[in-house]
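The values are calculated or read from the model by the stated rules, or taken from the named source; none is laboratory data. Just so you know, these numbers come straight off a predicted model, no measurement behind them. Positions of Cβ are backbone-derived with ideal geometry, glycine not excepted, and every protein chain shown enters the neighbour counts. We work out accessible area using only protein heavy atoms, side chains counted, and drop any ligands, DNA or RNA first. Shrake-Rupley method; radii C 1.70, N 1.55, O 1.52, S 1.80 Å.
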Amino acid sequence: MIKDKINNIIIVAGGTGGHIFPALAVRNCLKKMSLNARIVTDARGYKIIGKTYQSIIKIPSKGFEGKNIFNKGLSIFLILLGTIKALVVLKKFKIRIVLGFGSYVQVPIMIAAKLLKINIILHEANATIGKANMVFWKHAKLKASCFKLHDIYQKNTNIIGMPVREDIIKLNNNIFKISKKDKLNLLIYGGSLGSANLSLGICLAICSLPLSTRNKISVTHQVKPDDYKEVKKNYSNATIEAKIQTFFDDISDHYTKANLVISRSGASTVAELGVVGLPVIYFPLPNSTGNHQYLNALKISKKKGAWLFNENEIKTKKFITFLNQLVNSPKLLMEYANNNRKISKPNATKDLCRLIKGVINEIV
């Protein structure tokens with residue numbers, strides 16, 4: 001009876017793929033360890049997960065930072081409402097551990113956990129700590145991070161990397177190879193929420209490449225639905241072999257075929273591309289909170305595992321010249337792919353689950 005109570009865990013994840021997929025990875029790992037884990041998310045996260053998984057709990061939430069007075073008021077109201085629901089949920093399922101990956105949906109759960117004196121575990125995915133984690137960091141029994149954080153947050157923090165899905169981890173042993181004779185497969189996507197500049201903008205840049213280079217590449221491109229027709233038309237006019245989709249159902253399949261990736265630099269994406277070991281060009285989201293996407297990409301680019309560009313450089317001569325040279329430099333692609341793999345942490349999911357197990361053993 002005591003064991004059943006101890007094993008009850010809640011994992012809190014916000015409504016983007018960067019939060020949801022790591023949460024699912026940890027949940028599945030804990031399940032293999034015979035530990036009970038439920039996921040709490042918001043409406044967006046619930047939509048991403050769908051009805052495939054059981055034990056999903058939805059909590060209302062809304063961002064606070066950068067909102068107008070009305071929406072800030074609504075955010076506070078939803079935190080209060082969410083806290084009441086969280087108190088009910090934590091008591092109902094006799095939760096003993098709450099694991100948070102950040103985001104606003106985490107706030108009411110953590111408030112409720114503090115009120116009920118439930119053990120808190122936090123994981124910070126980005127190179128700079130997020131607001132939701134910052135508030136509760138000192139209250140966490142266990143802290144883990146993907147990157148080394150600022151000194152005031154790094155104390156007693158385990159640097160384990162970012163949990164990634166099992167199908168991604170399986171690709172860690174793949175060896176990246178490409179020669180001058182091979183056609184380069186270019187994979188482009190703007191994250192789970194899409195991106196206008198990584199949709200039509202990057203398409204126009206690629207179509208500006210010299211004909212000799214365009215003949216050497218094939219493109220798999222995730223685009224915004226509004227841009228689909230125009231992107232398709234541009235690739236066709238530029239005689240570029242292109243597969244265009246508005247959403248990638250199986251990103252791992254695309255990873256296995258890619259020789260170069262152009263992407264945003266959310267923590268989950270950075271971790272996955274490192275585990276797979278692919279050369280990457282990162283265009284960080286300009287308005288990411290605390291500029292975390294830029295800092296994520298900067299950490300990797302400094303170790304020559306990726307290239308970093310600002311979004312306003314997409315259609316510039318500087319970037320087009322760089323891309324042209326890169327397509328024709330297989331040795332450089334292989335060097336960066338190898339570096340990216342070396343700095344990755346493919347065991348992050350298992351390592352985090354072992355840490356959680358350690359907390360459970362302490363409170364038995």
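Out of residues 5 or more away from ALA242 or on other chains, whose amide H comes under 5 Å of its own, with H placed 1.01 Å from N in the peptide plane?
VAL219
Quick one: grab Rg to one decimal and Dmax as a whole number for the range 84-197, Cα atoms only, in Å.
Gyration radius and largest Cα-Cα distance of the range 84-197: 19.1, 63 Å.
For LYS143, which lysines qualify as cross-link partners when the Cα separation must be under 18 Å and same-chain residues fewer than eight apart are set aside?
Answer for LYS143, where 18 Å is the Cα cut-off: LYS114, LYS117, LYS131, LYS155, LYS345, LYS350, LYS357, listed by chain and number.
So if we plug the beta-carbon distance of LYS114 and ILE343 into 1/(1 + (r/R0)^6) with R0 = 45 Å, what FRET efficiency do we get, rounded to 0.05?
Working: r = 35 Å, r/R0 = 0.79.
With R0 = 45 Å, the Cβ-Cβ based efficiency is 0.80.
List the residues of the range 310-352 whose backbone N lies under 20 Å from a point placed 7 Å from the Cα of THR239 along the Cα-to-Cβ direction.
324-325, 327-328
How much length, in nm to one decimal, is gained on full extension between PHE77 and LYS232, taken as 0.36 nm per residue of separation minus their Cα-Cα distance? Could the numbers behind the result be given before it?
On the way: separation 155, 0.36 × 155 = 55.80 nm, distance 4.43 nm.
Residue separation times 0.36 nm, minus the Cα-Cα distance, leaves 51.4 nm.
Return the single residue from LYS32, LYS148, LYS303 with maximal mean-square fluctuation; model: Gaussian network over the chain, springs between Cα atoms under 10 Å.
Result for the chain, Cα springs under 10 Å: LYS32 fluctuates most.
Mind checking which helices in the chain clear 27 Å along their axis (Cα) and have mean Kyte-Doolittle hydropathy of 0.0 or more, DSSP H runs only?
Working: long enough: 69-92 (34 Å, 1.47).
Span-like helices here: 69-92.
What residues have an amide H closer than 5 Å to that of LEU308, excluding those fewer than 5 places away on the same chain, when H is modeled at 1.01 Å from N in the peptide plane?
TYR282
What is the gain in length, in nm to one decimal, between LYS32 and LYS331 on full extension, counting 0.36 nm per residue of separation less the C-alpha to C-alpha distance? Please report the intermediate quantities before stating the final value.
Numbers: separation 299, 0.36 × 299 = 107.64 nm, distance 4.05 nm.
Taking LYS32 through LYS331 to full extension adds about 103.6 nm, to one decimal.
Leaving out ligands and nucleic acids, and using a 1.4 Å probe, what accessible area per residue does the chain come to in Å²?
48
At most 13 other Cβ atoms within 10 Å and a DSSP loop assignment: could you name the chymotrypsin sites (Phe, Trp or Tyr not before Pro) in the range 242-314 that fit? List each step's numbers first, then the result.
Working: sites: PHE247, PHE248, TYR255, TYR282, TYR294, TRP307, PHE309; in loops: PHE247, PHE248, PHE309.
Those satisfying the criteria are PHE247.
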